[in-house]
Every structure is written in C-alpha cells, then in structure tokens.
1. Note the direction-averaged projected area, equal to a quarter of the hull surface, for the Cα convex hull of the stretch 33-187, in nm².
2. Between LYS92 and THR120, what is the label-point separation in nm under the 7 Å Cα-to-beta-carbon projection?
3. With a cap of 10 neighbouring Cβ atoms within 10 Å, and only residues DSSP puts in a loop, list the trypsin sites (Lys or Arg not before Pro) found in the stretch 1-103.
4. Select from the stretch 19-123 those GluC sites (Glu not before Pro) which occupy a DSSP coil region and have at most 15 other Cβ atoms within 10 Å, ordered by residue number.
5. Less than 11 Å Cβ to Cβ from ASP53, Lys/Arg counted +1 and Asp/Glu -1: what total charge do the surrounding residues give?
6. Which of the residue pairs LYS99/LYS147; LYS99/LYS121; LYS10/LYS99; LYS51/LYS128; LYS99/LYS128 have a Cα-Cα distance greater than 28 Å in the structure shown?
7. By the scheme Lys and Arg +1, Asp and Glu -1, what is the net charge of all other residues having a beta-carbon under 14 Å from that of ASN115?
8. Could you calculate the contour length gain from GLU131 to THR66, that is, 0.36 nm times the residue separation minus the distance between their Cα atoms, to one decimal place in nm?
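The values are calculated or read from the model by the stated rules, or taken from the named source; none is laboratory data. Treat the numbers as computed from the prediction; the structure is a model and nothing was measured. Reconstructed Cβ throughout: ideal geometry from the backbone, glycine too, with neighbour counts over all protein chains shown. Remember, those area values only see protein heavy atoms, side chains included, never the ligands or the DNA or RNA. Shrake-Rupley method; radii C 1.70, N 1.55, O 1.52, S 1.80 Å.
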Amino acid sequence: DGGHEPWSFKEVEIGEEYARPDLSRVITMALHTGQRGSDIVRMVPNDIEEKYDPIFNAKHRGINVTQQKTGRRLWVPFTVEFERILSTWERKPGPFILKPDGGVFTRPQLSAHWNFERDTKEPLKPLKERELVIHGLRATAVVRARKSGLSTLQISNWFGMSEPMVARYSRLADQGEMAMAAVHFID
C-alpha cells in the first residue's frame with residue numbers, strides 16, 4: 001500500500017514541455033536512468049563511461065552512479081533515445097542539473113523547486129492534481145521497461161534496484177495498458 005505514484009507518459013510529456021528547463025531535465029534523467037533525485041542531482045558528464053558489449057561487438061555508453069541511499073555502485077546504460085536527447089544538452093562544468101542561478105541542487109531543494117513549479121504553473125495543473133513527485137518517475141521508468149517486455153531481473157540490473165522493488169513499482173501500472181503491452185510484445 002502507498003508509495004509514489006508513477007507518472008503516465010502523457011504526464012511526463014506535460015512535465016518535460018512546461019516545466020522550466022532544469023526541472024524538465026530532471027524529469028528526462030529520472031525517466032531514462034531510473035535513479036532517485038538524490039543521485040540525479042549529483043550526475044556529471046565525467047560519470048559517463050563507454051563499455052564494450054561483446055554480444056554485439058560494439059561500445060555502449062552509460063553513466064556510473066554510486067547510489068546515495070544504498071551506497072551501491074552501478075553503471076546505467078543509455079538507450080538510443082536518451083543518447084539523442086543528451087546530445088542536444090549544452091555541456092557546462094558541474095552536474096547535468098543546475099538551479100537557474102547556476103548553483104548545485106541539494107535533494108530537498110530539488111523537491112521544493114519541483115513542488116513550487118508544479119503547484120504554481122497552470123500547464124502543470126494535471127500534475128498538481130495528482131500530487132506527482134520526482135520520485136514517482138523511478139516507478140515510471142520501471143513501468144516503461146516492463147511495458148517494453150523486460151524481465152524483473154533485467155530492470156533490476158539496469159536501474160540498480162532489487163527485484164522486489166521492481167515488483168513494488170510495477171504494481172501501480174495500469175493493468176489494461178500492461179495487458180496491451182504484453183500483446184504487442186507477443187505479436
């Protein structure tokens with residue numbers, strides 16, 4: 001019972017389009033990395049590492065993360081879509097996500113900025129009505145991966161969370177949408 005609600009894909013689009021640029025980036029990074037806000041605010045371009053994939057005989061980029069909550073060190077691979085998005089972001093020294101004044105976010109500041117933006121910007125009203133928080137995007141990332149046909153173990157390894165946590169985040173997915181995803185995967 002309880003827990004942070006995943007965002008729908010439409011809500012992600014609304015957030016990315018209408019939130020100010022730094023918070024839009026947070027939404028994008030959370031969706032594509034499945035990481036907590038406390039880890040997203042610490043990600044820097046120097047954390048990106050290329051690894052060799054022996055199955056496809058190719059190099060693949062991802063980001064090294066030491067999760068603040070668990071201390072777990074992991075490498076989160078990038079999708080082609082996220083690589084495309086990252087290539088459009090201006091490179092600046094420091095973290096990917098900076099406050100409008102150029103300062104570095106703390107996790108509590110990120111939540112405060114998001115809550116204020118969500119609660120005061122008219123186009124974000126649907127997100128305010130559902131009281132969506134940044135941490136809910138971690139669940140959204142899991143649901144998105146499940147809808148794509150990934151197993152609990154694959155998602156666990158990709159986002160660096162336990163299989164029971166993947167199951168916990170998946171439980172809030174819309175059953176009808178998950179059923180359609182299963183049919184698309186089979187077809």
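1. On the way: hull surface 44.6 nm².
The number I arrive at for the stretch 33-187 is 11.2 nm².
2. About 2.0 nm separates the two model spin labels.
3. Details: sites: LYS10, ARG25, ARG36, ARG42, LYS51, LYS59, ARG61, LYS69, ARG72, ARG73, ARG84, ARG91; in loops: ARG36, ARG42, LYS69, ARG72, ARG91.
Listed in order of number, the matching sites are LYS69, ARG91.
4. GLU90
5. On the way: positive: LYS51, LYS59, ARG61; negative: GLU50.
Here the charged neighbours net out to +2.
6. Those over the limit are LYS99/LYS147; LYS51/LYS128.
7. Taking every other residue near ASN115 into account, the sum is +3.
8. Details: separation 65, 0.36 × 65 = 23.40 nm, distance 2.84 nm.
Between GLU131 and THR66, full extension yields 20.6 nm more.
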